[in-house]
Amino acid sequence: MATAIHRNNFAQFFSRLYDSRLFLLACYCSCIASAACFSWLLWDIEGTFNRFPDAYSVSYQTVYLASGAFGFFFLWHLFSALSSCLTHRPFKTALVDNAAPFVAVVISFLAAFPHRSYIAAEISRFHLVHSLITRAGAAAAETEIIFLAVALIPASFLALATNLHVLKNLRLDFGMIQILRCFIFLLLSGAACAGWAGWRERAFERRPGENNILFIISDALTPSHMSCYGYDKNTTPHIAQLAEEGLLFKNFIAASSWSLPSYTTIYTSRYFSYSLDPNGDGWRNPALNMAQIMADNGWYTKSLLTNPFAANAYQATGIQVDATMDFVYGSALLTDRAIGLLREHRTKRFFFHIQYMDPHGPYSPPEPYRSAFFDETEPCADSYDGEIAHLDYQISRLISELEQLELSDNTYVVITADHGEGIETCSGHIYSLENELINIPLIIWGPKMPRGKKIEQVAGHVDLLPTFVEWIGGKMDPRFQGKSLMPLIRDEEAEDRVIFSELYLPRTNPEYHYVSVRKGQWKLLTGDPKGDALYDVKTDPSEDISLVGQESEPLKLLKTEVERFRNGIERGPLSLQGGAFSKEEKDALKALGYVQ
């Protein structure tokens, strides 16, 4: 008797709750959220199929698409059950009445999803939202949302079967049935989350013969102050050890003498003038992106960036990939984060991109690196050397972690820079295309790399992405303007490559489209109103004597290459997609001295 009274009181409580308008609003919001999760689910399945086209059979795809259909029907059923409960109408009537509005809600979310990146970008511009994402971690937030969405797939069929075949045979009042339905749904969803999380982890598991890539870029690093390139101060002992165990490029050329053009070329294998908006706010979407390509080939992709220009170039296409871009200031903190990534994802095939701001000015190395190199005679150069030594130590921490995790035998480590630095005159960069500003380091350490090899042939930023694609066994995109470095490494390429660097854009200041073209020992500088200059950098590395007044075959050849380069640049209006700098990014650029 007491049990019956208790049950009736319990049912009356929920009956009053069902009659509450607030509960009605909560139910409708829950159904809309479920529709959103379902639309996200469809996008995630589509992305998975596109990313791993050869990994799963047709039967696998059929099962999951069928499960998606069950998920759609289950959400419709849940919506109608709540409506029936609240309005005291028969369930079948509610099911029919709610068909049109439920389908409309789902379709509206599906229609909005092509614009999800823009909507998310606008929402994230709010300071509170940005702070929450930064604290929680963008990757964690994205992962949890996807887990919630995909949880509906296996849960939908089980919950639907439970509703239709089990609960109807139990002698429970209407309120208790609804409570039990919700409880079962939540329980199965939680179990599905855990199962799907494991599936996503297994999707990136490294198989025999597959290698990782750790891509490290330092900002404003010139090889003339690195001991591994012959500098008389021991600034890079750990990088020198990597060069002895791997290989070093002696004539590696940056795409520009400042960050945005260089990062654009690195991430797309296309030169700046072929991709970027004249105002420097973004790029035309060429559907080329380093992270996108790595993710499409099944590599877990993560980037830690400290330069707003790098992030702007990385994100401007608006492409959604399994990659997140986090701003981390301070080399030690950046290294700590990178080590955490290595530990967390050591069983995966990964592509990690770590971008250090060091040794970019202002030069303020921490102790003991400041006192180790500093004296009163050359304070600018000495502080710069301290910055490089500190960077060298941070890179050594990453290599040590790779070895401790037993990843050194299947991980390529690539160390380079976005541009050089005018350290001899303490003048920074951007102002020209002199060797000191565009001749940069490149050290490669990894599986089956020749030990201690020094490569004299000219190569450049434009060649990095094709090299990575070859390493992972991907397909070369015909829009790449560079070529893989592997033929040079294997001594299979005898002809000199033609490498361009540029400063300014022809659409804004045609008379100042400063272009450097390098082939072999010859370098032509053109576009300066003061006139062209031709140098033999083998005999004149400091570029003191211009040979442009002497008609020669190298001069004719390089002028032809420059003409071809300029003629290929599209002069029409650009269609931009994303990439505008936020106020916080512009403030960071001012602090770095890039903008006034």
Does Ser396 count as among the polar types (S, T, N, Q), at pLDDT below 95, in contact with a helix residue (DSSP H, G or I) (Cβ under 9 Å, 6 or more places away or on another chain) and over 21 Å from Ser542 (Cβ atoms)?
-> no
Residues located in segment 367-391, provided they are among the aromatic types (Phe, Trp, Tyr), surrounded by fewer than 24 Cβ atoms within 10 Å (Cβ to Cβ) and under 33 Å from the mean Cα position of the chain (by Cα) | Tyr369
Under the condition of being part of a loop (DSSP other than H, G, I, E, B), under 27 Å from the mean Cα position of the chain (by Cα) and at pLDDT below 95, which residue from segment 216-254 is farthest from Lys519 (Cα to Cα)?
-> Asp219
Which one of Arg451, Arg479 is surrounded by fewer than 17 Cβ atoms within 10 Å (Cβ to Cβ) and either in the same structural domain as Met226 (by TED's automatic domain parsing) or β-branched (Val, Ile, Thr) (or both)?
-> Arg451
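Scan Glu424, Glu470 and give me the residue that is of a type in the set (Asp, Glu), in contact (Cβ under 8 Å) with a residue 12 or more places away in the chain, part of a helix (DSSP H, G or I) and surrounded by fewer than 17 Cβ atoms within 10 Å (Cβ to Cβ).
Glu470
Based on this model, can you work out whether Leu437 counts as at pLDDT 95 or above and either within 17 Å of Ile217 (Cβ to Cβ) or touching a strand residue (DSSP E or B) at 6+ places or on another chain (Cβ under 9 Å) (or both)?
no
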Given Val462, Val458, Val469, which one is farther than 30 Å from Pro362 by Cβ, modelled with pLDDT of 95 or more and over 21 Å from the mean Cα position of the chain (by Cα)?
-> Val458
Please tell me if Ala310 is at pLDDT 60 or above, of a type in the set (A, V, I, L, M, F, W, C), under 13 Å from the mean Cα position of the chain (by Cα) and surrounded by 21 or more Cβ atoms within 10 Å (Cβ to Cβ).
-> yes
Residue match in segment 190-206 (condition: within 30 Å of Gly474 (Cα to Cα) and at pLDDT 95 or above) = no
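The values are calculated or read from the model by the stated rules, or taken from the named source; none is laboratory data. Note that this is a predicted model, so its numbers are computed, not measured. Heads up, the Cβs are rebuilt from the backbone with ideal geometry, glycines too, and the neighbour counts pull from every protein chain shown.
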